[in-house]
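The values are calculated or read from the model by the stated rules, or taken from the named source; none is laboratory data. Bear in mind the structure is a predicted one, so any value in this text is a computation, not a measurement. Because the Cβ atoms are built from the backbone with ideal geometry, glycine has one as well, and the counts that use them run over all protein chains shown. We work out accessible area using only protein heavy atoms, side chains counted, and drop any ligands, DNA or RNA first. Shrake-Rupley method; radii C 1.70, N 1.55, O 1.52, S 1.80 Å.
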There are 2 protein chains.
Amino acid sequence: MNIYLAGPDVFLPNATEIGRQKVALCKRHGARGFFPLDNAIDINAGDASRQIFHGNEAMMNHCDIIIANLTPFRGPSADAGTVFELGYMAGHGKLCFGYCNDPALYLDRVRRMTEVTDRDGHLVDADGLTVENFGLADNLMMIHALDLYGAPMIFPREAPQDLWQDLTSFEACLKLAASY
Amino acid sequence: MNIYLAGPDVFLPNATEIGRQKVALCKRHGARGFFPLDNAIDINAGDASRQIFHGNEAMMNHCDIIIANLTPFRGPSADAGTVFELGYMAGHGKLCFGYCNDPALYLDRVRRMTEVTDRDGHLVDADGLTVENFGLADNLMMIHALDLYGAPMIFPREAPQDLWQDLTSFEACLKLAASY
């Protein structure tokens, strides 16, 4: 069982270490984890970003399962790169799992960053753009893709002290994946 | 030629009208445009968000091409739902086009919302998370998916007066799509 370990974990100061921990947890649950930073990239090459893309794509094609860290990243939604990868794996019909260390609803996440007002019975942000209000934690496409292609998104009951280092919900995904 | 019209346009106050304009432009270029809001959904039903998901997924499966509006949405990156859909279509091997009405680089978009500092030769945000700095407009997965599965992302030379209503770059994508 080959699992693609997607997430903004690659942007952490201790990204390599987090990757090692995730791969070790996979091993403990009888799976093989693939962490994007384990691709061999010449980061100083002119085409480094394209090398990373090709490396990640090859890893995804090699894996049967994705576990995506969908903790909000620079805004109310998950990291765009991770969301792209979740879509890519769903498009390929692979098994999709995801977790989010912030259990807040999308509406409340948006409220943290901007004013949300009621306009004729529907909610809009400061730019007048509709705020999705289905009682979900993030955009419905991600949430229901997980429901349909794997298992509902995993959340902690309360946000852990360290949103980026806590792997409890990651391990819960792993257990679900291993049970398939 | 069936084109899925992805984007946060569905959140605009005049979403239905923008959808109509996009579908009309598609027709002018010999294509059939599919706008998510054209799915029949009972928005008051308990499972409205799931109905929307299934409607959008069926539309995507029916289309050969996606044109994604990747203008930054509530943060420095594109709308999460749109990014998921781009990944889904790429995963299906469909033709992918995208445009963005904000030509700023990702680094500059992040700088608009938080302090970016140099830590030992690489850039980090206020939370200490690495800021991608490849001279790209958004996360590399999206940018290179477009390069590889369709055509490079289309930008205006300068941001149009109205980021959400201007369809010039959308039409440029459409012309590219029609030439395939």
HN-Hα couplings for segment A:18-28 via Karplus (6.51, -1.76, 1.60; θ = phi - 60°), in whole Hz with x for Gly/Pro, come out as 4, x, 4, 4, 5, 5, 5, 4, 4, 4, 4
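Between chains A and B, what is the buried accessible area in Å², counting both sides, with a 1.4 Å probe and ligands, DNA and RNA left out, to the nearest 100?
Numbers: alone 9680 and 9670 Å², together 15160 Å².
Counting both chains, the buried surface is close to 4200 Å².
For the protein assembly as shown, what does the accessible surface come to per residue with a 1.4 Å probe? Please give it in Å².
On the way: 15160 Å² over 360 residues.
Roughly 42 Å² per residue, with all protein chains present.
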Quick note, segment B:111-162: a/c under 1.5 would make it rounded; otherwise a/b > b/c is prolate and the rest oblate (a ≥ b ≥ c, C-alpha gyration tensor); here it is oblate
Taking every DSSP beta bridge that has both residues in the protein assembly as shown, what percent is antiparallel when rounded to the nearest 5?
-> 20 percent
Note, B:Thr168: beta-carbon cut-off 15 Å, +1 each Lys/Arg, -1 each Asp/Glu, net -2
When the dipole is taken about the Cα centre of the protein assembly as shown, and only Lys, Arg (+1) and Asp, Glu (-1) are charged at their Cβ, what size is it in debye, to the nearest 20?
-> 780 debye
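Please report the antiparallel percentage of DSSP beta bridges with both residues in segment A:45-180, rounded to the nearest 5.
Details: 4 of 11 bridges.
In segment A:45-180, DSSP labels about 35 percent of beta bridges as antiparallel.
Gain in length, B:Arg20 to B:Thr168, computed as 0.36 nm per residue apart minus the alpha-carbon separation, to one decimal in nm? Mind showing how you got there, number by number?
Values: separation 148, 0.36 × 148 = 53.28 nm, distance 1.53 nm.
The B:Arg20-B:Thr168 span can extend by a further 51.8 nm.
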Backbone HN-Hα couplings from phi across segment A:52-65 [Karplus 6.51/-1.76/1.60, Hz, Gly and Pro as x] = 4, 4, 5, x, 5, 4, 5, 4, 4, 5, 7, 9, 9, 9
Of B:Ile154, A:Met59, A:Leu70, which is farthest on the positive side of the dipole of the protein assembly as shown, counting Cα position, with +1 on Lys and Arg Cβ, -1 on Asp and Glu Cβ, and the Cα centre as origin?
-> A:Met59
Separation of the B:Lys175 and B:Met1 label points, Cα + 7 Å toward Cβ, nm | 1.3 nm
Alpha-carbon centroids, segment A:62-132 and segment B:34-69: separation in whole Å | 17 Å
Overall Cα dimensions of the protein assembly as shown - principal axes, largest extent first, Å = 56, 49, 37
Distance in nm between pseudo-label sites at A:Asp120 and B:Thr117 (7 Å out along the Cβ direction from Cα) = 4.8 nm
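Ignoring ligands, DNA and RNA, please state the percent of accessible area on the protein assembly as shown from carbon and sulfur, probe 1.4 Å. Please report the intermediate quantities before stating the final value.
Numbers: 7370 of 15160 Å².
Ligands and nucleic acids excluded, carbon and sulfur give 49 percent.
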By the scheme Lys and Arg +1, Asp and Glu -1, what is the net charge of all other residues having a beta-carbon under 12 Å from that of B:Gly7?
-> -2
